[in-house]
Amino acid sequence: MVDAVAILLWAGALAMLLFTILRWVPGGWSVADHLRIALLWGAVPLAMMALVGRRWLVLLPVTLACLINGALVVPTLMPRSSPPGQSVTLLHANVWHHNPSMDGFVAQARAQHADLLVVLERHHFQGYAWADALVDRFPHRLTCEEADCGNNILSRWPLERLGVVTSPWHDQPDKPSYLAARVHRPSGAFTLVTAHLSQPFDQSIQDAQAEWLVARLQELPGPVILSGDFNAAPWSPLVQRIKDGGGLVRLSTTGPTWPSSALFIGIPIDHVFGDAGPGDARVLADIGSDHRPLLVTFTLTD
């Protein structure tokens, strides 16, 4: 029995270390890179069992995995100071296309008093009764219409569509769901981009979508705010390429947004990026989606 326990502990510890370093293994499974918060939680029972059983050597791979994962995760949770300027509040929500009711989201949108709403996974064929219910707060609306990418922008201020609208269902899979608008705020216009990237099981598709998105970001007038479901953690190379290529920083310095039912071991895959720091960024309550919404207050720079 003792040998069996030792084997299980070593198997768990080495598996944890392997998942931790797959990012740097040629041809490694990229999905593992997004699971670092779950790996940190998984280290707790392994370390406790190793301590109780006095299996000191087992602690070495567990500790190494924790140090690597912590070094990548913790900086993404650190808030950034906000520069002076007039703030804007954005509510981002992937409401989930299987969500049977939008009532929870509508109530939340009314309660938060945001200036802008970015709503993902609500398609043209599902109708806009939910948006009509918010027209008194957000009189300006931009959708993908027949392109049906599932991205929607609601605003207190006038909106002007910028460029193409793409959908991986209607276009090539190497393009994300994409909708961009110029927001004509009285104190200064800015560009709001919404994007929804594919899941990371085929990394080549995600990489192609990110490359296409970066090219669009470089063409748009500033300042630029990018809000989306990237199906990627903030410490991933994919998100880093989008930030670097677009000249942006991550404003939504929060914890996990998916899955909504198990946030403590989840992944931050919904992000808001811009060229300035947030005054506030937080994850909101459940709205019946598999994602949690984000509320981000940011300051625009000229």
- Ordering of 21-30, 53-62 by burial proxy (mean other Cβ atoms within 10 Å per residue, highest first): 53-62, 21-30
- Item | MRE, 222 nm, helices only [DSSP H, n ≥ 4, -39500 (n - 2.57), over the chain, to nearest 500] | -10000 deg cm²/dmol
- Message: Show me the ranking of peptides 259-266, 161-168 by mean Cβ neighbours inside 10 Å, starting with the highest.
- Response: 161-168, 259-266
- Item | Efficiency of FRET from Cβ geometry, residue 63 and residue 133, R₀ 41 Å, rounded to 0.05 | 0.20
- Query: What number, in percent, do you get for the relative contact order of the chain if the mean sequence gap of Cα pairs under 8 Å and at least 6 apart is divided by its residue count?
  - Reply: 18
- Note on the structure: So for R0 = 51 Å, FRET eff. of residue 48-residue 110 from the Cβ-Cβ r, to 0.05, ends up at 0.70
- Among bridges DSSP assigns within the chain, what percent are antiparallel (round to 5)? 75
- Kirkwood-based Rg over Rh for the stretch 86-170 (C-alpha set), two decimals? 0.95
- Item | J(HN,Hα) series, the stretch 10-18, from Karplus relation 6.51 cos²θ - 1.76 cosθ + 1.60, nearest Hz, glycine and proline x | 5, 4, x, 5, 6, 5, 4, 5, 4
- Item | Debye, to nearest 20: dipole size of the chain, +1 on Lys, Arg Cβ, -1 on Asp, Glu Cβ | 820
- Task: Please give, to one decimal in nm, the separation of the simple spin-label points placed at residue 218 and residue 204, each 7 Å out from Cα toward the Cβ.
- Result: 2.3
- Task: Could you list the residues of the stretch 48-66 with an amide nitrogen less than 19 Å from a label point located 7 Å from the Cα of residue 10 in the Cα-to-C-beta direction?
- Result: 48-65
- Item | 33 Å tail of the calculated P(r), the stretch 84-299, as % of Cα pairs | 6
- Ranked by how many other beta carbons lie within 10 Å on average, peptides 215-227, 126-138 from highest: 215-227, 126-138
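A short reminder: the numbers here are calculations on the coordinates, not readings from a lab. Keep in mind the model is a prediction, meaning the values are calculated, not measured. As a convention, Cβ positions derive from the backbone with ideal geometry for all residues, glycine included, and neighbour counts pool all protein chains shown.
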